[in-house]
Amino acid sequence: MRKRNIKVNVFLNDVDKKMLEEKSNKARLSQSDFIRFLIRDYTDDKSLEVDISNIVNNIFNITDDLSKLKVKLHYLGYFHEEEYLQSQIDNLNNLIKTK
């Protein structure tokens, strides 16, 4: 059985509806959950906080694995694929440098 049994109707214009959709999607919440968080003194910083260093470390690990794969491709003679893989590694490294 539902804990929430009170229904609230809200009327929005097109701009407000679009903002609600965008912000709830950005917060990765349903529109109902997003509104509940707002009611409970929700702020953007709380739910959208991301551990950037963890993400950067993951990208470093991925580039390291891709570099190992590139060495194997070279050894096996897949030179075209090796070049493509190197371009992807460079893209990831540039992404890290710009952030």
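The values are calculated or read from the model by the stated rules, or taken from the named source; none is laboratory data. The model shown is predicted, which means the values in this text are computed figures rather than measured ones. Backbone-built Cβ (ideal geometry, glycine too); neighbour counts: all protein chains shown.
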Pairs only if they're at least six apart or on different chains, beta carbon under 8 angstrom, first in the range 77-97 and within 18 Å of ASN61 (Cα to Cα), second surrounded by 11 or more Cβ atoms within 10 Å (Cβ to Cβ) and aromatic (Phe, Trp, Tyr); list them, first residue then second.
ILE96/PHE60
Inside the range 8-47, can you point out the residues that are under 30 Å from LYS97 (Cα atoms), at pLDDT below 85 and surrounded by 12 or more Cβ atoms within 10 Å (Cβ to Cβ)?
SER47
Scan the range 48-87 residue by residue and report those that are polar (S, T, N, Q), loosely packed, with under 14 Cβ neighbours inside 10 Å and at pLDDT 85 or above.
ASN58, ASN61, SER67, SER87
